[in-house]
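The values are calculated or read from the model by the stated rules, or taken from the named source; none is laboratory data. Computed from a prediction, not measured in an experiment: that's the story for all the values here. Quick reminder, even Gly has a Cβ in these numbers, built from the backbone with ideal geometry, and neighbours come from all protein chains shown.
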Amino acid sequence: MKHVELAAWLEEHKEALIAPGGEGEVSDRALVELVLETARTGRAGRLDAAMRQTARQAVAQEIPLDRVSRQPRRLKEALWKTLKQASLSPAQALVLIEAAEPIFARLSQVAAQAYFEATQQMQDALASEIVRLHTEAERRVMDRTAELTRANIELSKLEQAKTDFISIAAHELKTPLTLIQGYANMLVELDLEANGSSGAAHTLAGIIRGIERLSAIVEDMLDVSVIDTNALSLRIESVSLQQVVGLVVSQNAQHFKDRKLGMQVGDLSGLPRIEADRRRLHQALGQLVNNAIRYTPDGGQVFIEGRVLPGHQPGLEDPVEGGGFVELTLRDTGIGIAPEDRERIFEKFYRVGKSTLHSSGKVKFKGAGPGLGLPIARGLVEAHGGRLWAESPGHDEVNCPGSIFHLVLPVRARPKPGITVTWAELPGQGQEEAE
């Protein structure tokens with residue numbers, strides 16, 4: 001009976017209760033009609049559906065729940081206000097209020113429940129999408145990792161094949177070169193016995209120079225091969241850096257003279273003797289000096305200096321107790337090194353400048369060799385547990401900013417793990433050891 005009276009009263013006053021709907025709201029006319037239908041029939045299905053739809057739209061549009069609940073509150077307030085203004089008895093007003101209150105309570109409850117359900121659904125959908133994207137990203141990462149792994153394996157195979165080829169080619173070249181050199185020397189002896197009457201002395205001298213140059217390249221290829229395969233062997237003994245530097249400088253004296261280069265060696269007498277392979281150290285220093293000669297214009301200068309360093313150096317493990325490090329710096333007034341080439345010059349077969357440049361001699365200015373000298377030097381230094389790197393302001397063939405090569409070696413031997421080491425008799429050591 002109460003609902004019938006409420007429906008009749010709402011039908012009579014509905015125009016007074018209607019206000020325009022806002023964003024995320026059912027229009028008041030539609031809401032009043034639904035409330036009226038609920039009061040008339042006692043069924044709230046359509047009213048519930050409308051409020052759920054409103055709540056879902058509000059969640060999708062990121063409208064807060066307060067905005068959704070505001071409309072039923074506003075309609076309820078308009079209803080109470082209209083009741084107060086109507087000429088109703090208290091009993092009649094109470095009947096209408098008791099009939100309307102459950103409907104408005106249901107409106108608020110359905111709106112809140114639908115809002116939270118829609119919010120949860122959206123969060124679940126977002127979580128599912130995140131999981132999907134994460135799974136897809138993981139799959140792509142795994143695919144890419146597999147591709148990179150395959151590529152690395154192929155690169156390793158190619159690198160090993162290149163190393164094997166270098167080793168095989170060097171060994172194969174060495175035998176015929178030895179034969180050619182032997183026959184060339186025989187021809188020289190025959191020409192000497194004939195007092196030079198054959199007139200072939202100059203030609204033979206050129207042949208022998210070419211053989212020596214090619215032999216040096218083959219030896220470099222063999223050295224690169226043993227360094228790459230960790231097959232290098234060192235004979236550790238007590239070495240004077242001053243003597244080794246002096247020998248390298250004296251052996252290149254004619255080259256400095258031919259190129260009109262100045263050579264200055266600082267006082268190295270204060271450097272301690274170090275434990276190293278004298279022959280390999282001489283070879284590494286020779287490569288650095290040769291590099292300085294080739295990339296310094298005629299009339300330039302080359303400087304070699306040395307100093308003792310503290311016991312700990314960046315990039316190197318601490319030496320054994322009582323040890324330390326010595327540093328040799330080889331500075332030149334040459335054409336310098338571009339920043340992007342400072343590390344690449346230590347890669348096998350890398351050559352700065354045009355690959356078409358070549359030289360028949362080892363010290364011609366900018367004469368491009370096979371690109372093995374600096375990689376060999378670094379490999380030999382690192383085999384001793386040291387470091388070799390280059391510094392330069394840049395590459396400039398006009399102003400010649402120069403370069404500095406830093407060679408750091410431990411005083412006490414710290415050979416690279418895995419290589420073969422023979423220990424000569426050192427101070428305080430009375431027997432040879434092999435590792």
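Considering GLY402, GLY373, GLY394, the condition of being within 18 Å of ARG331 (Cβ to Cβ) and surrounded by fewer than 16 Cβ atoms within 10 Å (Cβ to Cβ) is satisfied by GLY394 alone.
Considering only residues in segment 227-236 that are among the β-branched types (Val, Ile, Thr) and modelled with pLDDT of 85 or more, the one that is farthest from ARG378 (Cα to Cα) turns out to be ILE236. Here is the figure for segment 14-47: residues that are part of a helix (DSSP H, G or I), of a type in the set (D, E, K, R) and either at pLDDT 80 or above or more than 16 Å from SER108 (Cα to Cα) (or both) total 7.
For segment 162-200: of the residues being loosely packed, with under 15 Cβ neighbours inside 10 Å and small (Gly, Ala, Ser), which is modelled with the highest pLDDT? Going through the qualifying residues, I end up with GLY182.
Condition check ((1) without any contact (Cβ under 8 Å) to a residue 40 or more places away in the chain; (2) assigned by TED's automatic domain parsing to the domain that holds ARG273) across all residues:
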residue: THR163; (1), (2): no, no
residue: ILE180; (1), (2): yes, no
residue: ASN185; (1), (2): yes, no
residue: ASN195; (1), (2): yes, no
residue: ALA216; (1), (2): no, no
residue: ARG235; (1), (2): no, yes
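Each row is one residue, and each column tells you yes or no for (1) outside the structural domain of ASP66 (by TED's automatic domain parsing); (2) of a type in the set (A, V, I, L, M); (3) surrounded by 14 or more Cβ atoms within 10 Å (Cβ to Cβ); (4) in a helix (DSSP H, G or I).
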site: ALA93; (1), (2), (3), (4): no, yes, yes, yes
site: VAL110; (1), (2), (3), (4): no, yes, yes, yes
site: GLN113; (1), (2), (3), (4): no, no, yes, yes
site: ALA118; (1), (2), (3), (4): no, yes, yes, yes
site: GLU129; (1), (2), (3), (4): no, no, no, yes
site: ARG132; (1), (2), (3), (4): no, no, no, yes
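Note on segment 321-369: among residues that are more than 20 Å from THR296 (Cβ to Cβ), assigned to a loop (DSSP other than H, G, I, E, B) and at pLDDT 70 or above, the one that is nearest to the chain's Cα centre (by Cα) is GLU343. If you check PRO401, PRO427, PRO410 for being modelled with pLDDT of 90 or more and touching a strand residue (DSSP E or B) at 6+ places or on another chain (Cβ under 9 Å), only one passes: PRO410.
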